[in-house]
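The values are calculated or read from the model by the stated rules, or taken from the named source; none is laboratory data. What you are looking at is a predicted structure, and each value in this text was computed from that prediction instead of being measured. Here the Cβ is made from the backbone with ideal geometry for all residues, glycine too, and neighbour counts use every protein chain on show. Surface areas here come from the heavy atoms of the whole protein model, side chains and all, with no ligands, DNA or RNA. Shrake-Rupley method; radii C 1.70, N 1.55, O 1.52, S 1.80 Å.
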Amino acid sequence: MNQNTSKIFIYSFVGIFILEIVFMVYLHRQMVNQKILNDFESLMASGAEHRDALSEKYSPIKIHQLIAENKEQEIFITNLNGYVLNNAENIKVLNNNLPLVQDLDTKKDQLVIDNWKDAPYIASAHYFENGQISGFVVMFQSTSPIHEMIQFMNICSIIAIATSLIFLAMVYSILIKIQSLQKRSEKITFQYSNA
């Protein structure tokens, strides 16, 4: 392979590789952002649904029904001061008090923990009121599926980059062999024509 062809191939290789990395970073970010958005939307929708159910009928049976139906998220029912009236059993770190719902706006649903990078849960609060009681439905959802997806995508990206490097190195070596065979063929043809 002559020097110009080799330079062209190397520049092409570097250009393709940079484009691939830019595309993979973009794809990675889009997928992570979509997963986070989907989790937040799912949490808010579930909370709103449970708020509506408790606004219609507040009873221990209804609460246990809601908790039993919801497998992906943990549900806490609090009064306006944050005292936990009922909850799912998997989160036990709260000591019967949820200070994050104190002084919340009762007119809208809201995210109360949205730091998915550092917190073990994201959480939303949904105000409900009926004749008996008023308070919040607080929904918790684990952030571990987000972290697992990011880890999986990182591994896939590394595998894709390594595969690309191997593939491009193989193509380069094949081109070198083809170039070498062409030179040999030209040399043999030149020798026969001079003989």
Q | Karplus (6.51, -1.76, 1.60) ³J(HN,Hα), θ = phi - 60°, over segment 75-84, in Hz, Gly and Pro reported as x | A | 10, 10, 10, 10, 7, 5, 8, x, 5, 6
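Let me know the longest stretch in the chain that avoids all trypsin sites (Lys or Arg not before Pro) found in a DSSP loop with at most 15 other C-beta atoms within 10 Å. If you can, show how the numbers build up before the last one.
Numbers: sites that count: LYS57, LYS71, LYS92, LYS107, LYS108, LYS117.
With a cap of 15 other Cβ atoms within 10 Å, the longest stretch comes to 118-195.
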Q. Taking the Cα atoms of segment 123-181 alone, what are Rg (to one decimal) and Dmax (as a whole number) in Å?
A. 27.1, 89
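For SER42 and SER12, FRET efficiency with R0 = 41 Å and r from the beta-carbon atoms, rounded to 0.05?
That gives a FRET efficiency of 0.40.
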Q: Measure off 7 Å from each Cα along the Cα-to-Cβ vector at SER59 and GLU20, then give the distance between these two points in nanometres to one decimal.
A: 6.3
**Q.** Column: log10 I(q)/I(0), Debye, Cα scatterers of segment 1-82, q = 0.13, 0.18 Å⁻¹
**A.** -0.63, -0.85
Q: With a point put 7 Å past each Cα toward its Cβ, work out how far GLN34 is from HIS147 in nm, to one decimal.
A: 2.4
Q.
Over the Cα atoms, compute the radius of gyration (one decimal) and Dmax (the largest Cα-Cα distance, rounded to a whole number) for segment 15-63, in Å.
A. 20.2, 64
Q) Under the Karplus relation 6.51 cos²θ - 1.76 cosθ + 1.60, θ = phi - 60°, what is the ordered set of whole-Hz ³J(HN,Hα) values for segment 101-116, x standing for Gly and Pro? A) 9, 5, 6, 7, 5, 8, 8, 8, 6, 8, 7, 9, 9, 10, 7, 5
(Q) Probe radius 1.4 Å, ligands and nucleic acids ignored: give me the carbon and sulfur share of the accessible area of the chain as a rounded percent. (A) 59
(Q) How much accessible area per residue does the chain have, counting only protein heavy atoms and a probe of 1.4 Å, in square angstrom? (A) 66
